[in-house]
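Colleague: Okay, here's the structure, questions in a sec.
The values are calculated or read from the model by the stated rules, or taken from the named source; none is laboratory data. Please read these numbers as outputs of a predicted model, since none were measured by experiment. Please note: Cβ atoms are built from the backbone with ideal geometry, for glycine as well, and neighbour counts cover all protein chains shown. Protein only, heavy atoms only, side chains kept; ligands, DNA and RNA dropped before computing areas. Shrake-Rupley method; radii C 1.70, N 1.55, O 1.52, S 1.80 Å.
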Amino acid sequence: MLTLNSEIETLKGVGPALKKKLNACGVNLIEDLLFLLPYRYEDRTKLYPIADAPHNERALIAGRITDSKILFYGRRSLSITIEDETKKLKLRFFYFSNSQFQQFKNNSHVICYGTIRTDSKRTEMIHPEYRFINSKKELKGDETLTPIYSAIDGIQTGRLKNLIRQALNVMKTSKPQELFPKKILNDLKLPNLENALINLHQPPPQTDWSNTEDTLVKCRERLSFEELLANYIRLRKLKLLAQNTTATALKDGNNKVIDFIQSLKFNLTPAQKKAYKEILDDLDKKRPMMRMLQGDVGSGKTIVAAIACLKAISNKTQAAIMAPTELLAEQHMESFLHWFGPLKINVIKLTGGQKKTIRKEILSQVENGKIDLIIGTHALFQDGVVFKNLSLIVIDEQHRFGVNQRVALRKKGEALKKQPHQLIMTATPIPRTLAMAAYADLDSSIIDKLPVGRKSIETIVIPNDKRKSVIDRVKNACINGEQAYWVCPLIEESETIKADAATDRYDHLKDILKPLSVGLIHGRQKNSEKENMMRLFKDAHIKLLVATTVIEVGVDVPNASLMIIENAERMGLSQLHQLRGRVGRGNKQSYCILLYKKPLSAIAHERLSVIRETNDGFKIAQKDMELRGPGELLGTKQTGLPQYRIADLVRDAHLLPKVQKIADNMMNNFPKETKKMVIRWSNSEHDYGKV
Ligand code: ADP
Ligand code: MG
């Protein structure tokens, strides 16, 4: 008899290969499957007469086939006509096989789920999901909403759905483990775990997501609450642990820091001064610093990090900087060579793309202490990298690194007798209340003002059909010695598709802008190609750089003063703001042109107005949160906030004060359950004892 505690391979269809993939995502027991929630639902509960079916949104309809033929004009397509008592409707398929065509026999009945669209020429449903039906009895909608699961690494959604269905069956005779005491759930007015899971996987049709009292909304809140709590407790433990370990107190080198600051070509802003003082205060202590440095794009975080590194190095210890991409590591390398070269500090770069022999040489120099500062990507913290005496780790653009990485870093430190100090930098402004919960393990410094003298970027919003004038503008700017970025549409979260789209755009622009030199950069290129391209752009050998959103974080080319962003209506505010921050880095007036495709939804319209009207990252972050409607495609993914499995920091922000309160109660009075909860949600090795 299967129970929810049975191993995953006891389910039908789970062989060694699938087991391995599931284990890799933290799914070991049947119960774990139940925590993979649908990310959205489709309503196929109502079967519409064709005449009444809504247009431009998905609907379920059915009809008798009266005609089917392949059309050859325009793009080859399969056209099927169906009708019910109320109306006729055409179905159209662009991708189809011959056997599919044969299936659509006249007078057979088909039930379809898809979107009916109308343009000036025709009304039709394109590529519906469909199923043939044999009897009138089947002519009805589903009983529950249809859950849609996202695929997880290498496992198709269909397969996943099947496994989850099996798990739900097991749940009929075996209860999931409730880790909250009844009293707490009652006080919070939240359902128990079993009810929450059943409802979320098989929701009743009358769900209203905008109603906070709706059963299903409460069920989701129940799980979000547990997840937020588990994470919060994990972070608090992490902080406690840090307070009980020792780090090297970095006492020396104050004069070197002062000299260095005086040697800079600019004066530090008051906000930068405040931040670096807070950091140096921490470094002075025998406890490892765990501090986050927040500051908008261009606010000058790097120089603050440099001061911290200089302090570490002046104490005869090593510092390391980890960047999210090779491009950024390369750029930091340049800045630090520029700043530290004259000081006889040895700086080196370590990335994944380097040759074995070079890597070996670098590693030996890091190990014997010849290198003072090592800059790299996550390759920095892979096995085989041994530091002689690392005292400070700087992590740049932290939103790419989650809690699990922070824990992994600490583990790396365990090998050393002393923990390194950690400085985590992010350009994502995080409202205070969210930061307390999401970064409960970190102290915080904020750079809230840009350096003086920056010209604010002028942002212009233009519909796609006027792109010709935009291209002329790019041409003129480049002829006048300026440089520009052209950011390609965000089509899908697939690097391949993005790369193809960027390549097409590149070919086209290169052609019409002849003889201007145009470059291309996208995520599918080799790192060496990307770096090379970036260097050509930086050295102004390339005037226009066509790019996907790979340029999003941190890249600095002061001479670039114009940016075009295509399909801006599909991007989140925070992402647009990050992209726009690539220009306006020099002393010229910079412009950002947002191209959009009509028609604009109300939210997209407002989003574009916000980005046009303000350059203030904190304001934009706030608006980004307010403007994410419930049905929106953009998840937290684009806000730069930490990702959770079920919870959403913005949507669930109202739970955070309760999370903080209940955490103490759980830790003090229910330690066993608390431990299980942290393990359930940490999705990684059982590291609870350590953190
Ligand atoms: P970010 O915070 O986005 O990482 P950077 O550290 O890359 O920003 O800084 C952006 C640019 O501003 C760099 O060229 C840097 O040298 C310059 N900069 C930093 N601080 C100041 C300052 N106080 N005055 C003038 N320019 C500065
Ligand atoms: Mg930066």
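Colleague: Would you list, by chain and number, the aspartates and glutamates whose Cα falls below 18 Å from the Cα of Lys672, excluding same-chain residues fewer than 8 positions away?
Modeller: Within the straight-line cut-off, Lys672 pairs with Glu178, Glu226, Glu227, Asp664, Glu685, Asp687.
Colleague: Excluding Phe96 itself, calculate the net charge of residues whose Cβ lies under 13 Å from the Cβ of Phe96, where each Lys or Arg counts +1 and each Asp or Glu counts -1.
Modeller: So the environment of Phe96 carries a net charge of +4.
Colleague: While we're here: Using a 1.4 Å probe on the protein heavy atoms only, what accessible surface does Asp556 show? Give it in Å² to the nearest 10.
Modeller: Rounded to the nearest 10, the figure is 50 Å².
Colleague: Which whole-Hz couplings ³J(HN,Hα) result when phi for each residue of the stretch 364-380 is put into the Karplus expression 6.51 cos²θ - 1.76 cosθ + 1.60, θ = phi - 60°, listed in order with x for Gly and Pro?
Modeller: Couplings: 5, 5, 5, 5, 8, x, 5, 8, 8, 10, 10, 10, x, 9, 4, 3, 4 Hz.
Colleague: Additional query: Give the Rg (one decimal place) followed by the Dmax (whole number) of the stretch 458-614, computed from C-alpha coordinates and expressed in Å.
Modeller: Radius of gyration, then largest Cα-Cα span, for the stretch 458-614: 14.5, 42 Å.
Colleague: Kirkwood Rh, the stretch 61-158, all Cα pairs: how many Å?
Modeller: 15.0
Colleague: Which of the aspartates and glutamates could a cross-linker span from Lys316 if the Cα-Cα distance has to be under 20 Å and same-chain partners fewer than 8 positions apart are dropped?
Modeller: Straight-distance partners of Lys316: Asp252, Asp259, Asp281, Asp282, Asp284, Glu367, Asp372.
Colleague: Let me ask something additional. Provide Glu42, Glu673 ordered by accessible surface of protein heavy atoms (probe 1.4 Å), highest first.
Modeller: Accessible-area ranking of Glu42, Glu673, largest first: Glu673, Glu42.
Colleague: Still on this structure: Give me a comma-separated list of calculated 3J(HN,Hα) values for the stretch 662-675, in order, Karplus coefficients 6.51, -1.76, 1.60 applied at θ = phi - 60°, integers in Hz, x for any Gly or Pro.
Modeller: 5, 4, 4, 4, 5, 5, 6, 9, 9, x, 5, 5, 4, 4
Colleague: How much area per residue is accessible in the chain when the probe is 1.4 Å and only protein heavy atoms are counted (Å²)?
Modeller: Per-residue accessible area for the chain comes out at 48 Å².
Colleague: Hey, another quick one. Can you give the FRET efficiency to the nearest 0.05 for Asp443 and Gln262, using r as the Cβ-Cβ distance and R₀ = 25 Å?
Modeller: Using R0 = 25 Å, I get an efficiency of 0.35.
Colleague: Can I ask one more? Highest first, please rank the peptides 13-21, 58-66, 365-373 by the mean number of other Cβ atoms sitting within 10 Å of their residues.
Modeller: Highest to lowest by the protection proxy: 58-66, 365-373, 13-21.
Colleague: Counting only DSSP beta bridges with both residues in the chain, what percent are antiparallel, rounded to the nearest 5?
Modeller: 40
Colleague: Now, a different point. Please state the relative contact order of the chain as a whole percent: Cα pairs under 8 Å, 6+ residues apart?
Modeller: Relative contact order of the chain: 12 percent.
Colleague: A further question follows. Fully extended, how many nm does the chain gain between Asn107 and Asp539 (0.36 nm per residue separation, minus their Cα-Cα distance)?
Modeller: Answer, rounded to one decimal: 148.7 nm.
Colleague: Related question: Non-local amide H neighbours of Ile116 (under 5 Å, H modeled in plane, Pro and chain starts lacking H): which ones?
Modeller: For Ile116, whose amide H was placed from the backbone, the distant partners under 5 Å are Asn56, Glu57, Ala59.
Colleague: Under 5 Å between amide H atoms, partner at least 5 residues away or on a different chain: which partners does Gly352 have, H built in plane at 1.01 Å?
Modeller: Those lying under 5 Å, H to H, from Gly352 are Thr377, Ala379.
Colleague: Then there is this: Could you look at the stretch 233-374 and say what percent of its accessible area is carbon and sulfur, using a 1.4 Å probe and all protein chains?
Modeller: It is 52 percent, rounded to a whole number.
Colleague: ³J(HN,Hα) across the stretch 454-471 via Karplus (A = 6.51, B = -1.76, C = 1.60, θ = phi - 60°), whole Hz, x for Gly/Pro?
Modeller: For the stretch 454-471, the Karplus curve yields 6, 7, 6, 6, 8, 10, 10, 10, 9, x, 3, 6, 9, 5, 4, 5, 5, 5 Hz.
Colleague: How high is the FRET efficiency between Ser456 and Leu516 when r is their beta carbon distance and R₀ equals 22 Å, given to the nearest 0.05?
Modeller: 0.20
Colleague: Now a separate question. Distance from the Cα centre of the stretch 292-371 to that of the stretch 224-285, in angstrom?
Modeller: Going from one Cα centre to the other spans 17 Å.
Colleague: Same structure again: Within the accessible area of the stretch 46-141, what % is carbon and sulfur when the probe is 1.4 Å and the other protein chains stay in place?
Modeller: Its accessible area is 47 percent carbon and sulfur atoms.
Colleague: Sticking with this structure for a sec: Quickly estimate the mean residue ellipticity at 222 nm for the chain, helices only: each DSSP H run with n ≥ 4 gives -39500 (n - 2.57), and the total goes over all residues, rounded to 500.
Modeller: The helix contribution divided over the chain gives -12000 deg cm²/dmol.
Colleague: Also: Can you compute the modelled spin-label distance between Lys619 and Lys239, with each label point 7 Å from Cα toward Cβ, in nm?
Modeller: 3.1
Colleague: Which semi-axes, in whole Å and largest first, does the equivalent ellipsoid of the chain have when worked out from the alpha carbon gyration tensor as the square roots of 5 times its eigenvalues?
Modeller: Gyration-tensor ellipsoid for the chain: 47, 36, 23 Å.
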